[in-house]
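Trainee: What follows is a structure written as structure tokens; I'll ask about it next.
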Amino acid sequence: MRWLGVLVLLVGLVSCQSATPKACVVIRAVSLEAGFKVNDTDSPNVTIQKGDCIEFVNADPSLSHTVQTKPFSNPPEEIPAHNLPYEPYSFRKVFNIAGEYEYICSLTTNNVVHARTMYGKITVR
Ligand SMILES: [Cu+2]
């Protein structure tokens, strides 16, 4: 029965490799004033398909930012709080559950609440 284990392993390896990941949609933290922007758009909102991924990047050299789901927004799944140091660090997440994910930067610097300007919505279909 050992060959069966080898076969299962091989099939597993092949299926992993064939599932080449699609390029992620990039959401940049541009600045405290400008907030988040999707790819090269001027919008912090995006609609993706189940199984797509989002890559969060901090493109703001002057401030740290974070990303997480907006508290009490009742998303299908939480995005736990992630620190976003200045790029090239990035945080990637695959969204497998359809629904609306409101996200924010949860920081406060010099009494300025980032979430007032740094927020957006990811819709997964
Ligand atoms: Cu921020």
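Trainee: Return the only residue of Pro76, Pro88 being surrounded by 11 or more Cβ atoms within 10 Å (Cβ to Cβ) and of a type outside the set (D, E, K, R).
Mentor: Pro76
Trainee: Which one of these is in contact with a strand residue (DSSP E or B) (Cβ under 9 Å, 6 or more places away or on another chain), crowded, with 16+ Cβ neighbours inside 10 Å and either among the basic types (Lys, Arg) or modelled with pLDDT under 95 (or both): Lys93, Lys22, Lys50?
Mentor: Selected residue: Lys93, the only one of Lys93, Lys22, Lys50 that is in contact with a strand residue (DSSP E or B) (Cβ under 9 Å, 6 or more places away or on another chain), crowded, with 16+ Cβ neighbours inside 10 Å and either among the basic types (Lys, Arg) or modelled with pLDDT under 95 (or both).
Trainee: Further question on the same structure: Thr108 - would you say it is surrounded by 15 or more Cβ atoms within 10 Å (Cβ to Cβ) and near the ligand (Cβ under 10 Å from one of its atoms)?
Mentor: It is false that Thr108 is surrounded by 15 or more Cβ atoms within 10 Å (Cβ to Cβ) and near the ligand (Cβ under 10 Å from one of its atoms).
Trainee: Restricting to segment 106-125, and then to whatever is part of a helix (DSSP H, G or I) and free of Cβ contacts under 8 Å to residues at least 60 places away in the same chain, can you tell me which residue is nearest to Gln68 (Cα to Cα)?
Mentor: The selected residue is Ala115.
Trainee: Restricting to segment 53-65, count the residues that are surrounded by 14 or more Cβ atoms within 10 Å (Cβ to Cβ) and over 11 Å from the mean Cα position of the chain (by Cα).
Mentor: Selection size over segment 53-65: 6.
Trainee: From the set of residues in segment 74-105 that are in a strand (DSSP E or B) and among the hydrophobic types (A, V, I, L, M, F, W, C), which is farthest from the ligand (Cβ to nearest atom)?
Mentor: Val94
Trainee: On the given criteria, is Gly99 closer than 23 Å to Lys22 by Cβ, out of contact with any Phe, Trp or Tyr (no Cβ under 8 Å at 6 or more places or on another chain) and not hydroxyl-bearing (Ser, Thr, Tyr)?
Mentor: yes
Trainee: For residues that are within 11 Å of the ligand (Cβ to nearest atom) and acidic (Asp, Glu), tally how many sit in segment 51-73.
Mentor: 1
Trainee: Looking at (1) under 13 Å from the mean Cα position of the chain (by Cα); (2) within 16 Å of the ligand (Cβ to nearest atom); (3) surrounded by fewer than 18 Cβ atoms within 10 Å (Cβ to Cβ); (4) of a type outside the set (A, V, I, L, M, F, W, C), can you tell me which one Lys121 breaks?
Mentor: Of the numbered conditions (1) under 13 Å from the mean Cα position of the chain (by Cα); (2) within 16 Å of the ligand (Cβ to nearest atom); (3) surrounded by fewer than 18 Cβ atoms within 10 Å (Cβ to Cβ); (4) of a type outside the set (A, V, I, L, M, F, W, C), the odd one out for Lys121 is (2).
The values are calculated or read from the model by the stated rules, or taken from the named source; none is laboratory data. Worth saying up front: this structure is predicted, and the values here are computed from it rather than measured. Note that each Cβ is placed from the backbone with ideal geometry, even for glycine, and that neighbours are counted across all protein chains shown.
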